[in-house]
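S.K.: What follows is a structure written as structure tokens; I'll ask about it next.
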Amino acid sequence: MTITISHKPFSTTASDTLVLFAWKKAADSKEILYSKFLKEIDTTCGGIVTRTAEIERFDPSVGKTCSIQTHGKIPSRNILLVGLGVQNEITVATLQKSGAVTARRLKHYKSVHADVYLENDFSNSITEDEILHSLVAGIRMGNYQFTNHKTVGIETLHIVASVNIIISEKESDSHKHTLDTAIHISNAVNFTRDLVNEPPSLTTPSYLAKTAQDIVKGKQNMSCEVFGKDDLVRMKMGGILGIASGTDVEPKFIKLEYNVGADKTIALIGKGITFDTGGLSLKPASAMETMKMDMAGAAAVLGVFSALDTLRPRVNVVGLISSTENMPGPNAVKPGDVVTAMNGKTIEILNTDAEGRVVLADALSYAVSVIKPDVMIDLATLTGACIVALGEEVTGLFSNSKELAESLLESAKQSGESVWHMPLVETYKDQLKRSVADIKNIGAGKWGGAITAALFLQEFTDPTIPWAHLDIAGPAFAEKDMITSPYGGTGHGVRLLLNYLLKRG
Ligand code: BES
Ligand code: ZN
Ligand code: ZN
């Protein structure tokens with residue numbers, strides 16, 4: 001799907017569908033509000049638009065649409081009315097949903113060329129740029145389909161060839177820049193989705209390493225280094241090696257670098273468990289069904305890197321990925337075994353299903369001792385407990401820095417992702433201490449698991465380096481179709497991180 005932007009008089013449009021927006025004054029209001037332009041079209045069409053919306057009892061809430069045949073009154077065959085929700089409560093997130101539902105309905109109605117008429121008569125709390133950006137990103141995310149392994153029905157899948165956004169003023173360089181940025185960011189999201197959606201026997205640690213190498217190939221400011229098992233032994237990464245002992249598939253530690261000579265470096269660290277069986281603390285079958293997604297943190301880091309060369313933030317970025325399978329093979333680490341992380345701390349592994357924190361211990365130690373970044377952010381599908389706390393759509397954010405937490409929350413808002421600030425409760429640290437080693441990999445008791453996991457990670461950070469941990473266990477994978485993402489990987493984290501990086505420089 002190509003997306004263009006133009007300012008052209010309506011009479012010259014040759015699209016098959018014209019997309020127009022509608023909204024309402026308040027949540028309980030029955031009155032549908034329209035743009036001036038829609039009212040003009042309605043008059044041209046003899047009142048058919050407003051009349052159909054009324055007859056169909058169209059509710060202009062987010063996610064709702066209404067299709068109207070124009071019977072030759074205007075060049076477009078159809079008008080698709082798309083709900084934006086409540087006036088002045090329209091946000092980046094709701095606009096992305098409206099964009100996504102637009103793409104889905106265009107596909108449903110087998111539209112080939114669509115025009116979207118965009119005029120902001122509906123909100124004074126959001127900028128023109130944000131509106132354009134959000135709609136375009138939403139359209140691209142809503143248009144996403146993962147068909148790599150489909151052989152049946154593929155020929156009948158409809159492709160919307162082009163969407164043209166018509167704006168009321170002459171298109172400027174700033175409009176074009178916003179459009180390009182939204183396209184690059186949504187490409188990165190869809191790149192991450194593809195990686196998560198591929199089967200786990202394909203997306204092995206070596207596959208992630210190859211993907212990283214492909215991303216940097218031919219790019220001047222980017223490089224990639226891949227460390228295999230012997231390197232991990234040499235680097236004393238006992239955490240990754242311990243978890244990898246149950247599989248024959250080689251673990252990899254992957255380092256990506258984007259260097260623009262800036263004075264600040266941000267490290268992005270991803271959990272890359274390419275399949276999580278739980279190890280000897282085996283998961284039940286139903287809990288294992290979606291565990292190919294346990295590399296979604298790593299996939300988000302790769303997604304971000306896939307867009308750095310085009311988006312060009314003015315800050316250096318280092319990506320670190322700890323990747324292995326977590327399998328219950330004959331040599332697998334056993335509950336009660338002790339491993340030593342790269343920073344020398346010993347970890348008693350009491351539950352082999354709490355493997356993410358163990359592999360991240362090495363990546364965080366590496367970041368602190370080798371990269372010495374100005375900021376470090378890890379992304380991990382770390383705990384079921386975070387899903388219990390926040391549900392399937394919200395990321396848990398933990399941080400040792402108020403300032404970093406606030407900027408990430410701001411980026412979340414600006415990029416349409418849902419993030420909630422969670423506490424690192426000092427007194428819970430004791431739960432990790434009752435162990436034959438320096439620390440054990442699970443908390444005592446059954447409560448607050450997302451917090452004890454974050455506190456475990458904190459042991460491998462440096463209090464002088466601002467660090468944030470994003471537990472994306474819930475939103476990384478949609479277990480049912482959502483408006484902005486079909487079943488599968490969602491690419492969560494990518495929009496937030498790219499927004500954060502672009503604001504740094
Ligand atoms: N990968 C899982 C966490 C997870 C669960 C992600 C569900 C997405 C959906 C992680 O490795 C895990 O199994 N964590 C355990 C920790 C427990 C054993 C302390 C959990 O959350 O149950
Ligand atoms: Zn696990
Ligand atoms: Zn896991």
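S.K.: Looking only at segment 304-323, count how many residues are surrounded by fewer than 24 Cβ atoms within 10 Å (Cβ to Cβ) and of a type in the set (V, I, T).
M.R.: 3
S.K.: Could you check G218 against (1) on the phi > 0 side of the Ramachandran plot; (2) touching a residue at least 12 places away in the same chain (Cβ under 8 Å); (3) away from ligand 2 (no atom under 16 Å from the Cβ) and say which number it fails?
M.R.: (2)
S.K.: Checking I68 against (1) assigned to a loop (DSSP other than H, G, I, E, B); (2) among the hydrophobic types (A, V, I, L, M, F, W, C); (3) in contact with a Leu (Cβ under 9 Å, 6 or more places away or on another chain), only one condition comes out false. Which one?
M.R.: Status for I68: all satisfied but (1).
S.K.: Here's a follow-up. Filtering segment 424-474 down to residues that are of a type in the set (S, T, N, Q) and touching a Gly at 6+ places or on another chain (Cβ under 8 Å), which residue is surrounded by the most Cβ atoms within 10 Å (Cβ to Cβ)?
M.R.: Going through the qualifying residues, I end up with T452.
S.K.: Got at least one residue in segment 11-29 being farther than 24 Å from T484 by Cα and assigned to a strand (DSSP E or B)?
M.R.: no
S.K.: Further question: Kindly check whether there is at least one residue in segment 401-415 that is among the small types (G, A, S), surrounded by fewer than 24 Cβ atoms within 10 Å (Cβ to Cβ) and in contact with a Gly (Cβ under 8 Å, 6 or more places away or on another chain). Working first, answer last.
M.R.: Taking segment 401-415 as the starting set, the residues that turn out to be among the small types (G, A, S) are 401, 405, 407, 411-412, 415.
After this cut, where a residue has to be surrounded by fewer than 24 Cβ atoms within 10 Å (Cβ to Cβ) as well, the list is 401, 405, 407, 411.
Next, only the ones that are in contact with a Gly (Cβ under 8 Å, 6 or more places away or on another chain) stay: none.
No, because not a single residue in segment 401-415 is among the small types (G, A, S), surrounded by fewer than 24 Cβ atoms within 10 Å (Cβ to Cβ) and in contact with a Gly (Cβ under 8 Å, 6 or more places away or on another chain).
S.K.: If you don't mind, another one. Can you name the condition, by its number, that P330 falls short on among (1) within 28 Å of V233 (Cβ to Cβ); (2) more than 16 Å from ligand 3 (Cβ to nearest atom); (3) in a helix (DSSP H, G or I); (4) not acidic (D, E)?
M.R.: So P330 meets the others, but not (3).
S.K.: Filter the helices (runs of 4 or more DSSP H) completely within segment 224-294 down to those with at least 1 residues that are modelled with pLDDT of 95 or more and acidic (D, E).
M.R.: Qualifying helices (runs of 4 or more DSSP H): 229-234.
S.K.: Only residues that are more than 12 Å from ligand 2 (Cβ to nearest atom) and either within 22 Å of the chain's Cα centre (by Cα) or surrounded by 24 or more Cβ atoms within 10 Å (Cβ to Cβ) (or both): list them for segment 267-287, please.
M.R.: Listed by number, the residues that qualify are A267, L268, I269, G270, G272, T274.
S.K.: Considering only residues that are within 16 Å of ligand 3 (Cβ to nearest atom) and part of a strand (DSSP E or B), which ones fall in segment 369-381?
M.R.: D378, L379, A380
S.K.: Turning to a different aspect of this structure: Across segment 241-297, what is the number of residues that are under 28 Å from E479 (Cα atoms) and among the β-branched types (V, I, T)?
M.R.: 8
S.K.: Go through segment 125-176 and give me each residue that's aliphatic (A, V, I, L, M) and part of a helix (DSSP H, G or I).
M.R.: Selection gives I131, L132, L135, V136, A137, I139, M141, I154.
S.K.: Going by what's in this entry, would V196 be described as modelled with pLDDT of 95 or more, part of a helix (DSSP H, G or I), surrounded by fewer than 22 Cβ atoms within 10 Å (Cβ to Cβ) and of a type in the set (A, V, I, L, M, F, W, C)?
M.R.: For V196, the condition - modelled with pLDDT of 95 or more, part of a helix (DSSP H, G or I), surrounded by fewer than 22 Cβ atoms within 10 Å (Cβ to Cβ) and of a type in the set (A, V, I, L, M, F, W, C) - is not met.
S.K.: Are there any pairs with C-beta distances below 7 angstrom linking a residue in segment 169-184 that is acidic (D, E) to a residue that is surrounded by 12 or more Cβ atoms within 10 Å (Cβ to Cβ), with the two at least 6 apart or on different chains, and if so which?
M.R.: Hits for this filter: E169/H7; E171/I5; E171/S6; E171/H7.
S.K.: How many residues, within segment 305-337, are under 18 Å from the mean Cα position of the chain (by Cα), closer than 16 Å to A363 by Cβ and not hydrophobic (A, V, I, L, M, F, W, C)?
M.R.: The qualifying residues number 1.
S.K.: Just the residues that are among the basic types (K, R) and touching a Lys or Arg at 6+ places or on another chain (Cβ under 7 Å), please, taken from segment 331-359.
M.R.: Step one: filter segment 331-359 for residues among the basic types (K, R), giving 334, 345, 357.
None; the set is empty.
S.K.: Moving to a separate point now. Mind checking which pairs have a first residue in segment 331-360 that is under 20 Å from K271 (Cα atoms) and among the polar types (S, T, N, Q) and a second that is within 11 Å of ligand 1 (Cβ to nearest atom) and in a helix (DSSP H, G or I), Cβ under 9 Å, 6 or more apart or different chains?
M.R.: That search, which allows pairs on different chains as well, returns T352/I243; T352/V358.
S.K.: Now for a separate question. Considering T247, T290, T204, which residue is hydroxyl-bearing (S, T, Y) and surrounded by fewer than 20 Cβ atoms within 10 Å (Cβ to Cβ)?
M.R.: Going through T247, T290, T204 in turn, the sole match is T290.
S.K.: Just name the residue that is farthest from ligand 1 (Cβ to nearest atom) out of those in segment 346-368 that are of a type in the set (D, E, K, R) and in a helix (DSSP H, G or I).
M.R.: Taking the candidates together, the pick is D362.
S.K.: For segment 122-144, enumerate the residues that are surrounded by 13 or more Cβ atoms within 10 Å (Cβ to Cβ) and over 18 Å from E171 (Cα atoms).
M.R.: Those that are surrounded by 13 or more Cβ atoms within 10 Å (Cβ to Cβ) and over 18 Å from E171 (Cα atoms): F122, S123, I126, A137, G138, I139, R140, M141, G142, N143, Y144.
S.K.: Determine, yes or no, whether G83 is in a strand (DSSP E or B) and modelled with pLDDT of 95 or more. Write out each step before concluding.
M.R.: Values: in a strand (DSSP E or B): yes; modelled with pLDDT of 95 or more: yes.
Yes.
S.K.: When the residues of segment 315-338 are filtered to those that are in contact with a strand residue (DSSP E or B) (Cβ under 9 Å, 6 or more places away or on another chain) and away from ligand 1 (no atom under 16 Å from the Cβ), which remaining residue is farthest from W467 (Cα to Cα)?
M.R.: Only one residue fits best here, namely V338.
S.K.: Filter segment 457-482 down to residues that are within 16 Å of ligand 2 (Cβ to nearest atom) and either over 24 Å from the mean Cα position of the chain (by Cα) or of a type in the set (D, E, K, R) (or both), then give me how many there are.
M.R.: 1
S.K.: So the check is Cβ under 6 Å with 6+ separation or different chains; which pairs have a first residue in segment 265-282 that's on the phi > 0 side of the Ramachandran plot and a second one that's at pLDDT 95 or above?
M.R.: Filtered contacts from segment 265-282: G278/D353; G279/G246; G279/N326; G279/P328; G279/A332; G279/T352.
The values are calculated or read from the model by the stated rules, or taken from the named source; none is laboratory data. All values derive from a computational prediction rather than experimental measurement. Every residue, glycine among them, receives a Cβ derived from its backbone with ideal geometry; neighbour counts consider all protein chains shown.
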